[in-house]
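So the structure is just underneath, and the comments pick up after that.
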There are 2 protein chains.
Amino acid sequence: MSNELTIGRVAKGTGCNVQTIRYYEQIGLLPLPRRSEGNQRLYDDSAVQKLSFIRHARELGFPLQAIRDLISLADRPDKSCEAADAIAREQLEDIGKRLQRLQALRSELERMVEQCKGGRIADCRVIETLGDHSLCETDDHVLPKVRP
Amino acid sequence: MSNELTIGRVAKGTGCNVQTIRYYEQIGLLPLPRRSEGNQRLYDDSAVQKLSFIRHARELGFPLQAIRDLISLADRPDKSCEAADAIAREQLEDIGKRLQRLQALRSELERMVEQCKGGRIADCRVIETLGDHSLCETDDHVLPKVRP
DNA sequence: ATACAGTCTACAGTAACTATAGGTTCAAGG
DNA sequence: CCTTGAACCTATAGTTACTGTAGACTGTAT
Ligand SMILES: [Zn+2]
Ligand SMILES: [Zn+2]
Ligand SMILES: [Zn+2]
Ligand SMILES: [Zn+2]
């Protein structure tokens, strides 16, 4: 009952797909697993757990580099968790920024879509607005224009 | 007053950067511009306008393929704008989905960060939660686990 | 005339996978 | 025991939308 799984089982169990697992191994995020006589990967519980950690963090939007850092922190249980918390706060902040931006985009797009009453392209409010940002209500989504 | 600009000027005027403009040309999104005697690109107003259109649509999150489609629609002013509106609605829908997801992520991350009172990694709530999704409040961010 | 900013091409790199080709291994059914 | 087919293997290329680099050339200002 050493509980070793093939890559496909691990994939199903974690919701990762097979190539992704191999990819994580390749970039050094997952340790090299034991191989069967026929050279197939065999994973034990600890590998599955690590992959679940990675997967969960990815689902929460952490970039792989942050996950790498979190893993190496997780391997030092006695140290302070300050650095780990900082990574999470950073991720939170990043998500906050993206949310704000998306909210601005959504309202602008809503306005665009709503204003077009259908008809010919020549009169389409969508096309027109895309061609001219000054028809937009906010400046959120355009970088400042600098006159040369 | 033929109003021709070098690539750098166009870049400044549109907020695009120079390589991006060359990239758009390369993938056929922008037409080949006239060249100076010394082989440097020279853009007229219509090119600048097209690039502004592209840039604006990108800022609103449209993928390049959608922009390609919008441009080819914009070139047929007499046709119905139904297709253009559909592209915009699709983009709006996509943004809505991303917003929902990000909102879920944010609340989960907030909870995580908030619960950790600092201390050793061994007791860190951030690390612990990442290792075990069942500590999460919602299932939004994890694919259904299928038992093999 | 010389300096220096701007431009040119071509290519490599980024994030995080996903897909493909062409071959090998494993488990089950006949 | 043999065959079939799913699952696995490696290696490589493709995806999106750029960004960065190297090494050479052009254009302009003093
Ligand atoms: Zn319309
Ligand atoms: Zn706008
Ligand atoms: Zn902590
Ligand atoms: Zn979770």
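Remarks
- Meets criteria (under 22 Å from B:Leu130 (Cα atoms), facing another protein chain (nearest Cβ under 7 Å) and at pLDDT 95 or above) for A:Arg68: no
- Looking across the stretch A:18-33, just one residue is of a type in the set (Phe, Trp, Tyr) and either open to solvent by 50 Å² or more (accessible area, probe 1.4 Å) or near DNA strand D (Cβ under 8 Å from one of its atoms) (or both), and that is A:Tyr23.
- Residue within the stretch B:100-123 that is within 30 Å of A:Gln115 (Cβ to Cβ), hydrophobic (A, V, I, L, M, F, W, C) and facing chain A (nearest Cβ under 7 Å) present: yes
- B:Leu42 being in contact (Cβ under 8 Å) with a residue 12 or more places away in the chain, away from chain A (no Cβ under 13 Å) and more than 11 Å from DNA strand D (Cβ to nearest atom): no
- Scanning the stretch B:70-93 turns up no residue that is closer than 30 Å to A:Arg9 by Cβ and touching a residue at least 40 places away in the same chain (Cβ under 8 Å).
- Restricting the first member to the stretch B:96-119 and to residues that are farther than 17 Å from A:Gln103 by Cβ, and the second to residues that are of a type in the set (Lys, Arg) and open to solvent by less than 30 Å² (accessible area, probe 1.4 Å), no beta-carbon pair is closer than 8 Å while six or more apart or on different chains.
- Of the helices (runs of 4 or more DSSP H) that lie entirely inside the stretch A:34-148, those containing 1 or more residues that are within 16 Å of ligand 3 (Cβ to nearest atom) and surrounded by 15 or more Cβ atoms within 10 Å (Cβ to Cβ) span A:45-59, A:64-74, A:82-115.
The values are calculated or read from the model by the stated rules, or taken from the named source; none is laboratory data. Note that the coordinates shown come from a computational prediction; the quantities given were computed from them, not determined experimentally. Note: ideal-geometry Cβ built from the backbone for every residue, glycine included; neighbour counts use all protein chains shown. Each accessible area value is taken on the protein alone, full model and side chains, heavy atoms only, with ligands, DNA and RNA left out. Shrake-Rupley method; radii C 1.70, N 1.55, O 1.52, S 1.80 Å.
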